[in-house]
Amino acid sequence: MNFNDVVLVEKEGSFKGNPIYEGDLSMDKKNAFTKNASFYLSIVFNVIEGMLAGFNFIVLYYTINALITEQLTMNLLTQILSLLGAVFVIRLIIYAFGYTRGQIGGAQISRILRLTLGDKMKKIPLSSFTKAQTGEYINATTTSVNNYENILTHKIGDIIKNSSFTLLLIGFISTIYIPAGVVLLCSGLLLIPTLYLSFLMVKKYGNQKRNIMTSNTSAVVEYINGIQTLRSFGLGGVKNKATTSSMKDYSDVSYLYEIKVIPIGTTFSILCWLSLPIVLYLAGHQWLEGNLDASSFFLISISPLFTCKLFGTLFIDLTSYKNLMIAKRQIECVIEEVEELSNETSFEPEQYSIAFQNVNFAYNQGEPILRNVNFEIDSSQFVAIVGPSGSGKSTILNLITKYYEPERGDILIGQQVIQSIASEKVLQKISLVDQDIFLFNDTILNNIRYAKPEATEQEIINAAKEANCHDFIEKLEYGYDTIVGENGNKLSGGERQRISIARAILKDSPILLLDEATASLDIENELAVKEAIKNLLKKKKTVVMIAHTLSIIKNADKILVVNEGQIVEEGSHEKLIAKEGKYAAMWRKEHQLSSV
Amino acid sequence: MGKVVKQNKNPIFMLLSWAGKDKKYLYLSVLCSLISGLSTIVPYFIIYQIIEQVYHNNLTEALLIQNLLILAISIIVRFGLFAISGTLSHKGAYRTLFKVRCQVTEHMAQVSLGSLNERNTGEIKTLLNEEIEKLELFLAHHLPELVFYLSGPIAVFIYLCTVNVPLALISFIPLIVAVAVMAIMFRGTNQLMDRGARSIANLNAIIIEYIQGMRLIKAYNMSSSSFKKFTNAVDDEFNIWKEMSLKMGPPYASFVIIIECGLLLMVPIGGMWFLNGSLTGSVFILFAFVGSLYLTELRPLQELGSNFAQVLNAVKKCVAFLETPVFGQGQAFPKNYNIELRNVNYSYDGQKEHLKNVNLSIAENEKIAIVGDSGSGKSTIVQLISRFNDVQQGEVLIGNQNVKDIDYEELLKNITTVFQKTFLTSGTVFENIVMGSNATLDEVRTAAKKAQIDDFIISLPDGYDTRVGSFGTRFSGGEKQRIAIARAILKDAPILILDEATSAADPENQAEIDQAIAELCVGKTVIIIAHRLGIIKHCDRVAIVENQTLQACGTHQEMLEENPSYKKTWQDYSKAREITYEF
């Protein structure tokens, strides 16, 4: 599966406006982590270079040997010079090439991983995109991929190179004098218990550290967030003390972590390096007894210098390897997410009634928000939903938009159960205007245009006029071509509201879901927003509106009164007043207020 | 301004001065790593010693053992001291970080409230959490490690110079070449690295937008075009990284190879001089062996450079924050609570004028509403009363005393501000209302009853002992606000500033909130930033702020008649109240 040729091609029979790629990008775990030619090449070159590094070792041996046996000649020196020179040049080329290939190979792997994750995001059901989850997805795509690539490019090659080189060296030394080889091997085997202990300590104290870090961060953040309030109550200094003690805890636990972890590496290094005097003693003894010639003795003596250093590097690299596995796991978690059932069921209802049948739903287990909710909304009917905060009103909208799925029960639009229909198809027919407005880092014109890609510029401007945006847009420096910044951070809350309404006006979908509190979030522009909403209602369509004041929706075709997750009353305003129930009580309370 | 003492602003010096008494740990750590670094060369010399003795055929068992004992001890010293160095450096580092952080938080408790607005607090958060953390890397790792890696090779070089200067200098050549190569590489690639950094920032922003906007992407069927934007960003980043690798990879890699090529110079040249008699065999061995390998100990230094710039940056930011002026002590709070702004001109940043020529008199116990569009300056006027910032021109007076002369803590104690966004600590509801005072539960309940929130609190599972931290998000906006009002009632300060953006999303509690506010305003001088204009009817006067100045001030009726823009605002407001939705 090759991402190099991603082309948007309209496949025969694909749902209109939703092209399917040439070759469906359904990456599974294995494919996503495929290594590429560059990467393998770099490892091979890395190993070759490592072996060539051994040349230094051999040349040194021959030189000392020649010196000791008095065979050193100019000729020999010239040979050595040319040999070393050649090897030097070759090593330079190979390592430079291998290192660069490694960087590029690693970057290619990151690229594939990110594209895989991006593709996967499209397929995950919307109910998974809660705030916490989106944070995890973002972390996986940015931090985890970075960590994975870093460790992969820098450490894996080194691990392979160093392990193979040390094994070869130990093997070679053993052919000269086995006990030396054995000692070196043992010093390497010390890695096993060391790594084990190290992982244990890191896990235990790392967790402690992480926990304290989290609570410290929240203490600090609370202090900073509330500093103005705290100081206006004279609590600046006192609260500061609490914050200070929290920071001290963090400082202490960080230090504790180091104390626990440092000795392990130190002990290992000492024991490992003690192989040097041991080997020197054994080999020296052999030389003293005439069983070993001087040059071999020399060779054996310097080998621990190499092996100890390499074992030390291996210790660090293998510790990093663990982090690689952690990053990999984080990425895999996302790739393994359950996908929305893709299906080709078409969704072109003839009318847009909405019905809830025995719908039950909870965001968290054991805390039901909706219990056995039943209601029917006729096509092109204007229905208002009212009730105390927390009663479940917004949840009803979230279920219609398929942002969440009911635990039990059915939701029907146009008498078709929407559970098994792809969310894009359902959302095509719906406009949602609520307090959550997302703008893309693009021009205002484009941000509105997304609602109806084929709209002309005039249509967009008309929609903006109806939504009372046109005036403030024209006042901006670049007008409709102004870039709105990340999530529209260059616009005020009220302005973003109205752009959201402009989108809904432009899209003109058969169903409109609206939380009318949006009007009151920006009191200054309340009238402008309310009139924009009125314009939204110019054309008849199925409207479900969450209302927070009753007088504003008293002319709705039907009013649903929600309380504690159930529909307790329904009917027209007059009917509900006559009923003298919850609605009537709410109405009376609302009108107790003098006109404020 | 008073005398400005010229301090040595060198970042390293600042860092050490913040370390204070804990400096000793850092110094000791460097000392240990120095000795440890020096002991890295012992193995080379012991082996050289032994080989020389073999060469001259005078190695004995006793000599062997003697050498090896020294070697073993040096190994223990090397790693033991290195561990101690690491322990000390971490101790010194974490303590220093703690001290710096304390300085920042303490300073926050003393600066003007105006310098603690949202943008600045965001920066302070980054400073405390991320920037200061970078200092740890430098103090605990880079500093001792730099000393460690450098000390050995430098000592060897010096020693080699005492033996044979030309050869010693030649042995140094590989390092010079390697460093030169790196320098040339860095010089030519600044622009490229900038592009790389921008590309990564862009990629991250697009990834975040793609994932956070997924619901909208699905709603508008933008999956394919959004994905295309995503893939383009990924590809861009890859292409720049590829370009960077091709340009910078080879020189970076060559550093490693070049410092390992000492043998290439030592053996031929040393051998030649040996053959023509200018060098003894022992010296030749020394240089061929030790002289060719000692530079390889420098390899880890290649990666140490990049963090340093960030550390300097972090220190600079700390210094900048710690230098923001403190509003200090002064006189007691005056007995009268009338407020006056005289000819006030104010600019937050020294460039744009945020307030011009403001004159306003508020009598004791008066209730005045301030209205105006966002950006008109109304919030600023109100903030200046509680001395969020100092005015550039004119005076702000309370009880006929300039606020600059009043003790800042006293000032804050005698003014209550109820902000738009209620801040609750993670403590209990009781603690949140009491806010550090000695009030009893009865007093708290009385205040809560007036704030119309006592019933709600009693209905909670733990009543007044309910911890907000775990429950906090489940309070509605209106409930949080009434807790804030209860606080304010309990505090009972003579001047009240109320930013009245009571949550419109909680209209079923609107009656309670209005009642609570009415209770709160009793017997105080009240300034209300009015959002819902209805509240103006409960005030004595209304002040209209427009275009960074006070346009008019008078009773509601007077303003309706005299000020056309107020009239329009009022009409819009009433109109908005009367709207009903229908097809």
Checklist outcome for this item: Longest principal axis of chain B (C-alpha) makes with the long axis of helix B:564-578 (C-alpha) an angle, in degrees to the nearest 10, of 90 degrees
Checklist outcome for this item: For segment A:20-132, the charge dipole (Cβ of Lys, Arg +1; Cβ of Asp, Glu -1; about the Cα centre) points to a positive end, and the Cα of A:115, A:125, A:57 closest to that extreme belongs to A:125
Checklist entry - Net charge near residue B:146, counting Lys/Arg +1 and Asp/Glu -1 over other residues with Cβ under 13 Å of its Cβ? => result -3
Item to check | Structure-based [θ]222 nm, chain B - -39500 (n - 2.57) summed over DSSP H runs of at least 4, per residue, nearest 500 | outcome: -19000 deg cm²/dmol
Checklist entry - Given H placed 1.01 Å from N in the peptide plane, which residues other than close sequence neighbours of residue B:370 have an amide H under 5 Å from its amide H? => result B:528, B:529, B:530, B:543
Checklist entry - Rounded to the nearest 5, what is the percent of antiparallel bridges among the DSSP beta bridges in the protein assembly as shown? => result 50 percent
Item to check | Under Karplus coefficients 6.51, -1.76 and 1.60, residue-wise ³J(HN,Hα) of segment B:440-455 in Hz, glycine/proline x | outcome: 8, 4, 4, 4, 5, 5, 4, 4, 5, 5, 4, 7, 6, 10, 4, 4
Item to check | Relative contact order [Cα under 8 Å, 6+ residues apart], segment A:45-196, whole percent | outcome: 32 percent
Checklist entry - Rounded to the nearest 500 deg cm²/dmol, what is the calculated helix-only ellipticity per residue at 222 nm for chain A, with -39500 (n - 2.57) per DSSP H run of length n ≥ 4? => result -19500 deg cm²/dmol
Next on the checklist: Need one value: the accessible area of residue A:345 in square angstrom, 1.4 angstrom probe, rounded to the nearest 10.
Outcome noted: 60 Å²
Checklist outcome for this item: For segment A:431-583 the mean separation of alpha carbon contacts under 8 Å (6+ apart) over residue count, i.e. relative contact order in percent, is 24 percent
Item to check | Area of residue A:347 that stays accessible when all protein chains are in place (1.4 Å probe, Å², to 10) | outcome: 10 Å²
Item to check | Cα centroid of segment A:233-290 to Cα centroid of segment A:110-163, whole Å | outcome: 31 Å
Item to check | DSSP-assigned coil residues among GluC sites (Glu not before Pro) in segment A:477-509, each with at most 11 further Cβ atoms within 10 Å | outcome: A:477
Checklist entry - Does anyone have the angle between helix B:477-491 and the longest principal axis of chain B? Alpha-carbon axes, 0 to 90°, nearest 10? => result 80 degrees
Checklist outcome for this item: Note to self: C-alpha centroids of segment B:84-156 and segment B:273-321 sit apart, in Å, by 27 Å
Item to check | Charge dipole magnitude, Cβ of K and R +1, D and E -1 - segment B:468-583, Cα centre, debye nearest 20 | outcome: 280 debye
Checklist outcome for this item: If unit charges are put on Cβ atoms (+1 for Lys and Arg, -1 for Asp and Glu) and the dipole of segment A:293-429 is taken about its Cα centre, the option from A:370, A:360, A:330 lying farthest towards the positive end turns out to be A:330
Item to check | Span-like helix ranges in chain A, DSSP H, alpha carbon extent 30 angstrom or more, Kyte mean at least -1.0 | outcome: A:37-68, A:74-123, A:191-225, A:236-273, A:294-335
Checklist entry - Taking the Cα atoms only, what angle lies between the long axis of helix B:143-163 and the longest principal axis of chain B, rounded to 10 degrees? => result 20 degrees
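If exposed trypsin sites (Lys or Arg not before Pro) are those in a DSSP loop with at most 14 other Cβ within 10 Å, what is the longest stretch of chain A that has none? Before the final figure, lay out each step's value.
Values: sites that count: A:11, A:16, A:538, A:539, A:540.
The answer is A:17-537.
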Checklist outcome for this item: Per the protein assembly as shown, sqrt(5λ) over the Cα gyration tensor eigenvalues, sorted largest first, in Å, gives 70, 38, 26
Checklist entry - Chains A and B: what accessible area do they bury, summed, in square angstrom to the nearest 100, with a 1.4 Å probe? => result 13800 Å²
Item to check | Order of exposure, largest accessible area first, which applies to B:324, B:416 with probe 1.4 Å | outcome: B:324, B:416
Checklist entry - How much accessible area does residue B:141 have with a 1.4 Å probe, in Å² rounded to the nearest 10? => result 50 Å²
Checklist outcome for this item: Mean other chain Cβ within 10 Å across B:46-58 is 4
Checklist outcome for this item: Quick calc, chain B, dipole around Cα centre from Cβ unit charges on Lys, Arg (+) and Asp, Glu (-), nearest 20 debye, gives 1100 debye
Item to check | Within-12-Å neighbourhood charge of residue A:237 [Cβ basis; K, R +1; D, E -1] | outcome: +1
Next on the checklist: Among A:578, B:426, A:517, whose Cα projects farthest towards the positive end of the dipole of the protein assembly as shown, with charges put on the beta-carbon of Lys, Arg (+1) and Asp, Glu (-1)?
Outcome noted: B:426
Next on the checklist: What are the ³J(HN,Hα) couplings of segment A:374-386, residue after residue, when phi is run through the Karplus curve with 6.51, -1.76, 1.60 and θ = phi - 60°? Round to Hz, x for glycine and proline.
Outcome noted: 10, 6, 10, 10, 6, 4, 6, 9, 9, 10, 10, 10, 10
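Note down the relative contact order for chain A as a percent, whole number, built from C-alpha pairs under 8 angstrom at least six residues apart.
So the answer I get is 13 percent.
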Item to check | Placed amide H near residue A:369: partners under 5 Å, 5+ positions off or other chain | outcome: A:361, A:362, A:363
Checklist entry - Roughly how many debye, to the nearest 20, is the charge dipole of the protein assembly as shown about its Cα centre, given +1 on each Lys and Arg Cβ, -1 on each Asp and Glu Cβ, and no other charges? => result 1740 debye
Item to check | For segment B:508-558 versus segment A:384-422, the gap between their alpha-carbon centres in whole angstrom | outcome: 41 Å
Item to check | Accessible area, probe 1.4 Å, largest first, for residues B:390, B:492 | outcome: B:492, B:390
Checklist outcome for this item: Of B:380, A:116, ordered by accessible area with the largest first and a 1.4 Å probe, the sequence is B:380, A:116
Checklist entry - If you keep only loop residues by DSSP, which GluC sites (Glu not before Pro) in segment B:185-269 have at most 14 other Cβ atoms within 10 Å of their Cβ? => result none
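The values are calculated or read from the model by the stated rules, or taken from the named source; none is laboratory data. Everything numeric in this text was worked out from a predicted model, so none of it was measured. Glycine gets a Cβ as well: all are built from the backbone with ideal geometry, and neighbour counts include every protein chain shown. Just the protein is used for accessible areas: all its heavy atoms, side chains included, with ligands, DNA and RNA removed. Shrake-Rupley method; radii C 1.70, N 1.55, O 1.52, S 1.80 Å.
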